Amino acid sequence: IDLGRRGEHLAADHLARLGHRILDRNWRSRDGELDLVTFFHGRVVVVEVKTRSSLAAGHPFEAIDRRKLARLRRLGASWCREHGVPVRAMRVDIVGVLLPRDGDPVVEHLEGVL
């Protein structure tokens, strides 16, 4: 299993422990892909997962810029339309996962970035 998939599994486990219900994984449209879509406290949550094996290339959250957030918002809106969910009931979260070669995984979660 590759680094990204391991990170997504750890992120999904983390979110499930918090009470999120996983609705979709790796949802694709012609415009891109959503890593995870969950349901939490009456809202659809679009989750972008960024995984790194070290901080040499920067913190996982640094990979999310304004353009990427806008794309996640558009993709989330497409997911909502396809599934009959009001877009206003959606938020975007980011989960950063650090998987060092020697050491325990670190999962960080930013809620409601958009």
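Have a look at the DSSP beta bridges in the chain and tell me what percent are antiparallel, nearest 5.
The antiparallel proportion sits near 65 percent.
Between the helical axis of 3-18 and the longest alpha-carbon principal axis of the chain there is an angle of about 60 degrees.
For Arg101, the shell of other residues with beta-carbons less than 15 Å away shows a net charge of -1, using +1 for Lys and Arg and -1 for Asp and Glu.
Per residue, the chain exposes an accessible area of 57 Å² to a 1.4 Å probe, with every protein chain left in place.
Report the full-extension gain for the segment Ala89 to Asp2: residue separation times 0.36 nm, less the Cα-Cα distance, to one decimal in nm.
Values: separation 87, 0.36 × 87 = 31.32 nm, distance 3.26 nm.
The span from Ala89 to Asp2 would gain 28.1 nm if fully extended.
How big is the stretch 65-114 by the Kirkwood estimate over distinct Cα pairs, in Å? In the stretch 65-114 this quantity evaluates to 12.6 Å. To the nearest ten degrees, helix 66-82 and the longest principal axis of the Cα atoms of the chain are 50 degrees apart. Each of Ile64, Pro100, Gly32 was scored by the projection of its Cα onto the charge dipole of the chain, and the greatest displacement toward the positive side belongs to Gly32; charges sit on the C-beta of Lys, Arg, Asp and Glu.
Basic side chains Lys and Arg get +1 at the Cβ, acidic Asp and Glu get -1 at the Cβ, and with that the dipole of the stretch 32-114 about its Cα centre reaches some 500 debye. Atom-type composition of the exposed protein surface of the chain places 48 percent of the accessible area on carbon and sulfur (1.4 angstrom probe). From the P(r) of the chain, could you give the percentage of C-alpha pairs in the tail past 25 Å? The answer is 18 percent, as a whole percent.
Looking at the stretch 1-74, the trypsin sites (Lys or Arg not before Pro) that sit in a DSSP loop and have at most 15 other Cβ atoms within 10 Å of their own Cβ are Arg30.
Label zone of Glu111 (point 7 Å out along Cα→Cβ, amide N under 15 Å): in the stretch 2-34 this covers 14-21.
The values are calculated or read from the model by the stated rules, or taken from the named source; none is laboratory data. Predicted, not measured: the structure shown is a model, and the values here were computed from it. Cβ sites come from the backbone with ideal geometry, for glycine too, and all protein chains shown count toward neighbours. For the accessible areas, the whole protein counts, side chains as well, though only heavy atoms, and no ligand, DNA or RNA atoms are used. Shrake-Rupley method; radii C 1.70, N 1.55, O 1.52, S 1.80 Å.
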